[in-house]
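Novice: I'd like to ask some things about the structure below.
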Amino acid sequence: MVKIAIVYSSINGHTARLAKAVLEGINSVDGVEGKLITSEVALQRAVLDDLSSNYTAIIFGTPTLMGSPSAKFKEFMESTSGIFIPKLWKNKIAGAFTVGGLRSGSKVNTLTDLAVFAAQQGMVWVPVTVTPTWNLSSQKEEDSLNGCGFFLGVGAQANVDQDGNNAPAEWDLKTAIAYGKRMSEFTKLYEPTYTALKAQDI
Ligand SMILES: Cc1cc2nc3c(=O)[nH]c(=O)nc-3n(C[C@H](O)[C@H](O)[C@H](O)COP(=O)(O)O)c2cc1C
């Protein structure tokens, strides 16, 4: 079984809801198993060791706060310096998602921070390939996939007066499901290459 972890932090439940949608997409592919792990739990040494040894892909998720990953998520990022030095996550697949109260809201900066983090770990970044449906006046809102138009990772918008049961909206959740499915298909095909790279220490 190919394993993909989703490490995320969420204060009000929006990122947690998006994480569940990514998980749904991952688990829709036979032979791949996704797991949700909060960034607080991922601070534990045993959890980091499990991620290093047993997962081919790790997807990072955080709300965008003041234009960057949350402090909670940054704590997780900084806790991985022991992974960085021996390059224990080298060649693993990586990707990301974020949520903001605004449609843009500087979310691209959060996704960039996460991509740089993955690069520091030597990981292989997989972007979003959901073509935006251009927000046409003729189309139903629920069909507006990737409506905020992010490509480094999923960038969703959640109304600040709704909790994680009602936001982000359906179209962002569908985008996250599609991204999870792509990550799963990609990782499944890549798995033998990952094993070969590891065996040859490339
Ligand atoms: C201190 C603070 C800073 C925020 N900064 C941004 C921001 O820069 N861009 C944005 O789009 N939303 C911003 N927001 C809104 C949150 O990103 C949004 O409510 C998000 O859905 C929260 O995710 P969560 O429910 O997973 O915690 C901010 C909220 C707070 C409390």
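Novice: For residue 115, state whether it is in contact with a strand residue (DSSP E or B) (Cβ under 9 Å, 6 or more places away or on another chain), part of a helix (DSSP H, G or I) and exposed (fewer than 14 other Cβ atoms within 10 Å of the Cβ). Spell out how you get there, then give the answer.
Specialist: Numbers: in contact with a strand residue (DSSP E or B) (Cβ under 9 Å, 6 or more places away or on another chain): yes; part of a helix (DSSP H, G or I): yes; exposed (fewer than 14 other Cβ atoms within 10 Å of the Cβ): no.
Taking the combined requirement at face value, the residue does not satisfy it.
Novice: Taking only region 164-202 into account, find how many residues are in a loop (DSSP other than H, G, I, E, B) and not β-branched (Val, Ile, Thr).
Specialist: Step one: list which residues in region 164-202 are in a loop (DSSP other than H, G, I, E, B), which gives 164-169, 200-202.
Within this subset, residues satisfying the condition of being not β-branched (Val, Ile, Thr) are 164-169, 200-201.
Adding up the residues that qualify gives 8.
Novice: Moving on to the next point. Search region 49-68 for residues being more than 15 Å from residue 6 (Cβ to Cβ) and open to solvent by less than 50 Å² (accessible area, probe 1.4 Å), and hand back the single one that is nearest to the chain's Cα centre (by Cα). I'd like the intermediate steps shown before the answer.
Specialist: Within region 49-68, the first condition is being more than 15 Å from residue 6 (Cβ to Cβ), and the residues that meet it are 49, 52-53, 64-68.
With open to solvent by less than 50 Å² (accessible area, probe 1.4 Å) added as a condition, the list becomes 52, 64, 67-68.
Numbers: 52: 17, 64: 13, 67: 17, 68: 15 Å.
Filtering region 49-68 for residues that are more than 15 Å from residue 6 (Cβ to Cβ) and open to solvent by less than 50 Å² (accessible area, probe 1.4 Å), the one nearest to the chain's Cα centre (by Cα) comes out as 64.
Novice: So in region 144-163, with the set limited to residues that are within 17 Å of the chain's Cα centre (by Cα), within 12 Å of the ligand (Cβ to nearest atom) and not hydrophobic (A, V, I, L, M, F, W, C), which one is nearest to residue 56 (Cα to Cα)?
Specialist: Step by step, filter region 144-163, then rank; the result is 155.
Novice: Right, something else. Residues of region 124-161 being over 14 Å from residue 96 (Cβ atoms) and part of a strand (DSSP E or B), which ones?
Specialist: Scanning region 124-161 gives a single hit, 157.
Novice: Follow-up. For the structure I just gave you, tell me whether residue 71 is at pLDDT 95 or above, exposed (fewer than 15 other Cβ atoms within 10 Å of the Cβ) and farther than 22 Å from residue 41 by Cα.
Specialist: Values: at pLDDT 95 or above: yes; exposed (fewer than 15 other Cβ atoms within 10 Å of the Cβ): yes; farther than 22 Å from residue 41 by Cα: no.
Judged against the criteria, residue 71 is not a match.
Novice: A further question follows. For region 2-32, enumerate the residues that are touching a helix residue (DSSP H, G or I) at 6+ places or on another chain (Cβ under 7 Å) and surrounded by fewer than 18 Cβ atoms within 10 Å (Cβ to Cβ).
Specialist: 24, 28, 31
Novice: Can you pull out every residue in region 1-39 that is away from the ligand (no atom under 15 Å from the Cβ) and of a type in the set (Lys, Arg)?
Specialist: 3, 35
Conditions tested, residue by residue: (1) within 16 Å of the ligand (Cβ to nearest atom); (2) at pLDDT below 95; (3) over 20 Å from the mean Cα position of the chain (by Cα); (4) farther than 22 Å from residue 27 by Cβ.
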position	(1), (2), (3), (4)
126	no, no, no, no
134	no, yes, yes, yes
139	no, yes, yes, yes
173	yes, no, no, no
185	no, no, no, no
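Novice: Residue pairs, Cβ under 8 Å, 6 or more apart or interchain, first in region 68-85 and closer than 30 Å to residue 102 by Cα, second open to solvent by 80 Å² or more (accessible area, probe 1.4 Å) and not in a helix (DSSP H, G or I). List them.
Specialist: 70/11; 72/11; 72/40; 76/40
Novice: Which condition breaks for residue 88 when tested against (1) open to solvent by 10 Å² or more (accessible area, probe 1.4 Å); (2) within 16 Å of the ligand (Cβ to nearest atom)?
Specialist: Of the numbered conditions (1) open to solvent by 10 Å² or more (accessible area, probe 1.4 Å); (2) within 16 Å of the ligand (Cβ to nearest atom), the odd one out for residue 88 is (2).
Novice: A further question follows. Taking residue 41, is it β-branched (Val, Ile, Thr), open to solvent by 10 Å² or more (accessible area, probe 1.4 Å), over 15 Å from residue 117 (Cβ atoms) and touching a residue at least 40 places away in the same chain (Cβ under 8 Å)? Even if it seems obvious, please write down each step before you answer.
Specialist: Values: β-branched (Val, Ile, Thr): yes; open to solvent by 10 Å² or more (accessible area, probe 1.4 Å): yes; over 15 Å from residue 117 (Cβ atoms): yes; touching a residue at least 40 places away in the same chain (Cβ under 8 Å): no.
Taking the combined requirement at face value, the residue does not satisfy it.
Novice: Within region 41-77, can you find the residues that are more than 13 Å from the ligand (Cβ to nearest atom) and in contact with a Lys or Arg (Cβ under 8 Å, 6 or more places away or on another chain)?
Specialist: Those that are more than 13 Å from the ligand (Cβ to nearest atom) and in contact with a Lys or Arg (Cβ under 8 Å, 6 or more places away or on another chain): 54, 55, 56, 57, 58.
Novice: Go over the candidates 153, 164, 149, 180 one by one and state the one that is open to solvent by less than 50 Å² (accessible area, probe 1.4 Å) and touching an Asp or Glu at 6+ places or on another chain (Cβ under 8 Å).
Specialist: Values: 153 fails: touching an Asp or Glu at 6+ places or on another chain (Cβ under 8 Å); 164 fails: touching an Asp or Glu at 6+ places or on another chain (Cβ under 8 Å); 149 fails: touching an Asp or Glu at 6+ places or on another chain (Cβ under 8 Å).
When all the criteria are applied, what remains is 180.
Novice: Considering 81, 104, which residue is among the small types (Gly, Ala, Ser) and within 13 Å of the ligand (Cβ to nearest atom)?
Specialist: Details: 81 fails: within 13 Å of the ligand (Cβ to nearest atom).
None of the other options fit; the residue is 104.
The values are calculated or read from the model by the stated rules, or taken from the named source; none is laboratory data. Here the structure is a predicted model, which means the values were calculated and not measured. Note: ideal-geometry Cβ built from the backbone for every residue, glycine included; neighbour counts use all protein chains shown. Calculation scope for accessible area: heavy atoms of the full protein, side chains included, ligands and nucleic acids excluded. Shrake-Rupley method; radii C 1.70, N 1.55, O 1.52, S 1.80 Å.
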